[in-house]
Amino acid sequence: MHINIADELVEKLKKYQDSRIVLDLDDGVGRYSKSGSCALNISFRLLILDKDQDDSDYTLDVESTIGNIPIKEHSKLYLEEEMSLTFDPRMSLIKLKGPSGIIDGNVQIIDLRKKE
């Protein structure tokens, strides 16, 4: 699997380069997922973690233009072999897309780093 990250989004993510970025399926599974729902919508989030924060729920790496991005093993069911993360400046939205269409039209960036 590979995610092509649009240049404008790479710029937005540069401020997190000393952190770990994971692609989280917000499904109620794992230490960072609080909601999870039975609805038919799929909700992915880019979680920003400190290098020493526990990311043991994310056991599979997806290659990307900014390096490997960990995901939960079971979330690959919703992903495609080739994907892209784009930024829509008009709506200020991050979109996760695959060849078959939009996987998630509103991917949030959630900073979970410890504040000092």
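Going residue by residue through the range 80-87, is there one that turns out to be farther than 23 Å from residue 101 by Cβ and within 12 Å of the chain's Cα centre (by Cα)?
Within the range 80-87, not a single residue is farther than 23 Å from residue 101 by Cβ and within 12 Å of the chain's Cα centre (by Cα).
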In the range 58-78, which residue that is within 11 Å of the chain's Cα centre (by Cα) and of a type in the set (A, V, I, L, M) is surrounded by the fewest Cβ atoms within 10 Å (Cβ to Cβ)? 62
Quick one: how many residues across the range 71-102 are under 18 Å from residue 29 (Cβ atoms) and of a type in the set (A, V, I, L, M)? 3
I want to confirm something. Restricting to the range 15-49 and keeping residues that are modelled with pLDDT of 80 or more and more than 15 Å from the chain's Cα centre (by Cα), which single residue is farthest from residue 105 (Cα to Cα)? 18
Could you list, in sequence order, all residues of the range 93-116 that are closer than 21 Å to residue 18 by Cβ and in a strand (DSSP E or B)? 94, 108, 109, 110, 111
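Residues in the range 61-68: is at least one touching a residue at least 12 places away in the same chain (Cβ under 8 Å), polar (S, T, N, Q) and part of a loop (DSSP other than H, G, I, E, B)?
no
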Taking the condition of being among the acidic types (Asp, Glu), touching a residue at least 24 places away in the same chain (Cβ under 8 Å) and exposed (fewer than 14 other Cβ atoms within 10 Å of the Cβ), how many residues in the range 87-116 meet it? 1
Let me spell it out: the conditions are (1) among the charged types (D, E, K, R); (2) surrounded by 15 or more Cβ atoms within 10 Å (Cβ to Cβ); (3) farther than 25 Å from residue 34 by Cα, and residue 55 meets all of them except one. Which number is the exception? (3)
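The values are calculated or read from the model by the stated rules, or taken from the named source; none is laboratory data. Predicted model only: the values in this text are computed from it and were never measured. Every residue, glycine as well, gets a Cβ built from its backbone with ideal geometry; the counts of neighbours run over all protein chains shown.
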